[in-house]
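Comments concern the structure below.
Since every read-out is calculated from the coordinates, none of them should be taken as a lab result. Here the structure is a predicted model, which is why all the values come from computation and not from measurement. Here the Cβ positions follow ideal geometry from the backbone for every residue, glycine too, while neighbour counts run over all protein chains shown.
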Amino acid sequence: MRELFATLGLDPEKETLGRRICRHKADGLVQAMEMALAEGGPGAAELVAAESVVEAETKDHLNWELIGEVAKQLPADERKAVKAAHDEVEDEEDEHLYHTTGWTRELWIDSLGLPAVLPPPEEEKDVKTAIGAARAKQARKELLPKKKAAAA
Ligand SMILES: [Fe+2]
């Protein structure tokens, strides 16, 4: 983003409403993790941290999707610069969201005392697309640890 700002002649330090709101939300996530740790211990903190990462990555994912949409409307020179940045990170951002969502789901399932797939299928299958994430989620049943046969 900073490289792109430099290319476009934008000030990356400019304080905007969106930036203040983002900071406010991030502070809230940190407070939630601290609250979970103080009152619920490390297990609760891990769950809240995982959820916080999913929330942040969801917004990150949306932002890059919007940047891709904006790029289409820009004059050629700017479009080229924005598209290059977009192409460079979009796949990584997709991956961040799918993998963190998988971790959070399985950590929650585990915390509920149910059989979990850890690391999650999204991680094991190196998921990079929405379709891949849906397939990985469906495949979790096959990846669950097999139940031992009941003793006779
Ligand atoms: Fe990300």
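Inspect region 52-61 for any residue being β-branched (V, I, T) and in contact with a Ser or Thr (Cβ under 8 Å, 6 or more places away or on another chain) and give the result as yes or no.
In the first step, residues of region 52-61 are kept if they are β-branched (V, I, T); the result is 53-54, 58.
Next cut, in contact with a Ser or Thr (Cβ under 8 Å, 6 or more places away or on another chain) only: 53-54.
Yes, region 52-61 contains at least one residue that is β-branched (V, I, T) and in contact with a Ser or Thr (Cβ under 8 Å, 6 or more places away or on another chain).
Could you please give the count of residues in region 78-113 that are farther than 20 Å from A49 by Cβ and among the aliphatic types (A, V, I, L, M)?
The number of residues fulfilling the criteria is 5.
Can you name the residue in region 74-88 that is hydrophobic (A, V, I, L, M, F, W, C) and loosely packed, with under 15 Cβ neighbours inside 10 Å and, of all such residues, is farthest from R135 (Cα to Cα)? Give the steps one after another, and end with the answer.
Within region 74-88, the subset hydrophobic (A, V, I, L, M, F, W, C) is 74, 76, 81-82, 84-85.
Right, trim to loosely packed, with under 15 Cβ neighbours inside 10 Å and you get 74, 76, 84.
Values: L74: 36, A76: 38, A84: 29 Å.
Among them, the one singled out is A76.
Of these, D77, D94, D110, D126, which one is out of contact with any Pro (no Cβ under 9 Å at 6 or more places or on another chain) and on the phi > 0 side of the Ramachandran plot? Step through it out loud before you land on a result.
On the way: D77 fails: on the phi > 0 side of the Ramachandran plot; D94 fails: on the phi > 0 side of the Ramachandran plot; D110 fails: on the phi > 0 side of the Ramachandran plot.
One residue alone meets the criteria, D126.
In region 30-69, what residues are touching a residue at least 60 places away in the same chain (Cβ under 8 Å) and either charged (D, E, K, R) or crowded, with 16+ Cβ neighbours inside 10 Å (or both)? Outline the logic, then answer.
Restricting attention to region 30-69, the residues satisfying the condition of being touching a residue at least 60 places away in the same chain (Cβ under 8 Å) are 43, 46-47.
Within region 30-69, E46, L47 qualify.
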